[in-house]
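The values are calculated or read from the model by the stated rules, or taken from the named source; none is laboratory data. All figures in this text were calculated on a predicted structure; none of them were measured in a lab. Here the Cβ positions follow ideal geometry from the backbone for every residue, glycine too, while neighbour counts run over all protein chains shown. Only protein heavy atoms, including side chains, enter the accessible area calculation; ligands, DNA and RNA are left aside. Shrake-Rupley method; radii C 1.70, N 1.55, O 1.52, S 1.80 Å.
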Amino acid sequence: MTSYVLNFLSWLRMALIRIRYWNFFIDATHKPQKAQNKLLRSIIRNNRNTVFGKKYGFASLNSVREYQSRVPVQCYEDLRGLIERQAVDMLPCLTEEMPSFFVLTSGTTSKPKFIPVLESTIRQYRVTQYLAAYAVYRDFPEAFRGKILGIVSPAIEGKLDFGALYGSMSGLIYKSMPKLLRSKYVVPPEVFEIPDYNEKYLQMAGYAIREPNITMIATANPTTIFRLLEAINEDFHLLYKELIKTNAERAAYLLRIKEANQELLLSDLWPKLSVVTVWTGGNCSVLIPRLRKSLPSFAKVVEVGYMSSEFRGGITVDAVRNIEIPTFQHNFFEFVERNNWEESDPQFKLLNEVEVGKQYYIFVTTQNGLYRYNINDLIEITGFFNGTPTIRFVQKGKGVLNLTGEKLYESQLVDAISQFNQLTGTEIQFFIMIGCADSLQYTLYLEYEPIDISPLEHFLMEANLEYAAKRRSDRLKPIEAVFVKNGTSEFYKEYCVTAGQRESQYKLVHLQSRIDCKFDFNSYRRRPI
């Protein structure tokens, strides 16, 4: 099928998505709380006869406020027993609808979390993917005129002890998208199922380097793109030998650039690349400048949307300005102000009650059995799209340390590194700061040549008055800087993936406690010159 025909069919497909999904979605953004109330009533009605529903009297609930007063906030461990019982005994413990498979993700205990996925969950995810794709197509149609390099986790990764399948939603949606869209994919889905970390990237690199007309890259984490580029550059001669068999002209072209510049950039590999969709907020924000340097000058970095293993929480509705709103038609949201969560009686706000400029912990009721679920995420309300609040992911709630009353937030550290980079002209990409309660000191590990980091502490003191007070009184010791070897970031990522984090949703937590971080960074110290 010619590219002209494919592009025409893509236009037709997007026109159908606009008529069937997008227009109704945008209409609903004028009164999102109306959709929220309707959704909650539906969830309660559909699951009133479950074990959870009977325990909390779903049959007699008549309002949102009754739901909030009767059902306590849940963490995963509160729901684990019911999730596993429903999976093993096929009883309606949390939902009347039975799970079709599970998503695994790391939890706060040594046991992984099993997130149930219903057939209706898959349909919802597919709709949100349609909406997200249409938003990009509407603003940047050229991104769909060539091939799409999507990088996801495996759809099916194995079986749990009780026989149920587990995998990833990103992989499942990748495999189940319409045939027309799949025809534009560069990497076959079976490549993502390769268990060996290095072999998988080598295979992805092989498929990617053969295709000169990639116009869009779609993945969650920017580090995935950097790792792919690393595989292409490190294994170039091996890839070149294979490429010359099928496209000698392209092989010669890339070889000339490689020999001249030593490194191939995204702009060298795919000069028509116009859109990259990735996470741009939270910990990933510090990586975006590096990503932009590798792109063609006209390429746009688009926020892929707030998402987790538990649920997809956001959709980018304006790809030009990266405006994102909550998935209010599929999940019921509650919010507690950042500074109010630790109070004895935190005030839960609804979608129509949040305020611009404030940061909130987010609590979600999903259609797959998570009720008033505390995902420990912080988001910021950045404005409004029609009548719907726009959101920006800030950080995981656990990215907060308090050794001696300073309450240092991960976002403050990320901002300080960005300021430091700007001031000194450095490009520090990988950094983790570990707090030790015993020594009352933070150790900052940086993948960089040794430099003076004293300005960094100044930026932290400016951002956090309590941190400044504790440092000035010497109750908090000066930051210890440890400079680690090149490649440490990849060893750490591989360590996290091996420990259970999903690669495509790997999130680097820049601020951690010594108790939680078991990776031995000190063994990767640079040797003194």
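Overview of values
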| quantity | calculated |
| --- | --- |
| Carbon plus sulfur fraction of accessible area for segment 387-516, probe 1.4 Å, in percent | 51 percent |
| Identified option (computed Kirkwood radius over Cα pairs in Å; candidates (i) 35.9; (ii) 24.7; (iii) 25.6) | (ii) |
| Label-to-label distance, nm, for residues given as ILE451 and ASN49 (7 Å Cα→Cβ offset) | 6.5 nm |
| List THR426, THR50, ordered by accessible area with a 1.4 Å probe, largest first | THR426, THR50 |
| Portion, in percent, of the accessible area of segment 59-113 that falls on carbon or sulfur, probe 1.4 Å | 53 percent |
| The chain, dipole about Cα centre (Lys/Arg Cβ +1, Asp/Glu Cβ -1), debye to the nearest 20 | 1440 debye |
| Distance between segment 5-26 and segment 473-521 - C-alpha centres, whole angstrom | 43 Å |
| 222 nm mean residue ellipticity, helices alone, for the chain (DSSP H n ≥ 4; -39,500 (n - 2.57); rounded to 500) | -11500 deg cm²/dmol |
| Between segment 141-202 and segment 421-463, the Cα center-to-center distance that results, in Å | 37 Å |
| Inter-site label distance for ILE19 and GLU193 at 7 Å from Cα along Cβ, in nm | 3.6 nm |
| Links that overshoot a 26 Å alpha carbon limit, given the list LYS175/LYS518; LYS358/LYS507; LYS241/LYS272 | LYS175/LYS518 |
| Heavy-atom accessible area per residue - segment 477-529, 1.4 Å, Å² | 56 Å² |
| Exposure ranking of ASP78, ASP438 by accessible area [1.4 Å probe, largest first] | ASP438, ASP78 |
| With every protein chain in place, segment 192-344: carbon and sulfur % of accessible area (1.4 Å) | 49 percent |
| Compactness of segment 280-346 as Cα Rg over 2.2 N^0.38 Å, two decimals | 1.45 |
| Heavy-atom accessible area ranking, 1.4 Å probe, most first, across PHE335, PHE24, PHE385 | PHE24, PHE385, PHE335 |
| For LEU12, solvent-accessible area (1.4 Å; no DNA, RNA or ligand), Å² | 70 Å² |
| Farthest toward positive dipole pole in segment 242-337 [+1 Lys/Arg, -1 Asp/Glu at C-beta], among CYS284, SER297, PRO326 | SER297 |
| Euclidean distance of C-alpha centroids, segment 366-386 and segment 258-307, integer Å | 28 Å |
